[in-house]
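Have a look at the structure below, then the notes.
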Amino acid sequence: MIDHVHDLAAVREATDRLLSAIGDLDNAAVAEPSRLPGWTRGHLLAHLARNADALVNVLEGRPMYVSGEAREADIERDAPRPLEVQLADLRDSSARFLRTAGVPADWSRTIEMRNGVTDSAARVPFRRLVEVELHHVDLGIGYELTDLSEEFTAREIEFLSERFTGNPGVPALRLKATGGKGGKQWSTGRFEGEPVSVSGPPAALMGWLAGRCDGSDLETGGAPLPALPPL
């Protein structure tokens with residue numbers, strides 16, 4: 001059962017954590033490369049602000065973005081801004097999202113994301129949480145995959161497993177989390193064929209599925225680790 005109220009509280013906490021960390025940067029640091037190829041930290045901050053506005057659009061029944069080209073142009077436009085402007089924009093856009101998501105609504109309704117993807121409205125807060133948490137890691141300022149909560153990590157593995165289920169470009173996979181409170185398992189990829197077993201620490205599994213690490217910490221029983229398509 002998706003608890004959007006719980007997820008909105010988590011978004012608020014993650015956003016406060018991110019804003020606090022960004023506040024310790026300076027203009028030079030914002031202009032430096034992030035961990036995402038081709039993007040500076042400024043690109044990431046601009047994307048996070050515009051994503052908050054886009055999710056407001058989704059919740060209010062409008063297209064998420066005017067177009068893919070407009071989305072990219074907005075990020076490029078906003079990326080070079082100084083830290084003070086980036087912070088104010090991200091703070092204000094995040095507040096707009098939380099305010100919109102706090103309005104009583106039918107959370108069982110179906111909403112439309114980019115590229116015709118549909119989902120339950122109740123999952124929008126978790127989608128925003130994923131953006132905030134993973135892009136905080138992508139900034140490369142001391143927040144790592146291993147700093148993410150066990151609950152978030154397990155839910156993101158499940159979410160990404162669902163996303164890759166039935167994908168013809170992904171072989172049948174059986175995923176298993178190990179260590180600590182490990183032991184959880186997920187199946188994903190193609191429906192046919194003998195599944196490849198991939199196991200490792202939850203953060204490593206999630207990082208591989210999300211394209212944030214190369215999977216070198218994962219075990220496959222001697223089989224090659226499959227290459228995953230980009231998200």
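Out of Ser93, Ser67, report the one residue that is hydroxyl-bearing (Ser, Thr, Tyr), open to solvent by less than 70 Å² (accessible area, probe 1.4 Å), over 23 Å from Thr153 (Cα atoms) and within 20 Å of the chain's Cα centre (by Cα).
Just one listed residue meets the conditions, Ser93.
Going by the structure shown, is Thr15 under 14 Å from Ala88 (Cα atoms), surrounded by 15 or more Cβ atoms within 10 Å (Cβ to Cβ), at pLDDT 95 or above and among the polar types (S, T, N, Q)?
yes
Only one of these is surrounded by 12 or more Cβ atoms within 10 Å (Cβ to Cβ) and either within 30 Å of Asn27 (Cβ to Cβ) or among the polar types (S, T, N, Q) (or both): Pro80, Pro125. Name it.
After ruling out the rest, the residue left standing is Pro80.
Within the stretch 177-205, restricting attention to residues that are among the charged types (D, E, K, R) and free of Cβ contacts under 8 Å to residues at least 24 places away in the same chain, which residue is least open to solvent (accessible area, probe 1.4 Å)?
It comes out as Glu192.
The values are calculated or read from the model by the stated rules, or taken from the named source; none is laboratory data. Since the structure is predicted, the reported quantities are computational estimates derived from the model, not experimental observations. Positions of Cβ are backbone-derived with ideal geometry, glycine not excepted, and every protein chain shown enters the neighbour counts. What goes into the accessible areas is simple: the full protein's heavy atoms, side chains included, and nothing from ligands, DNA or RNA. Shrake-Rupley method; radii C 1.70, N 1.55, O 1.52, S 1.80 Å.
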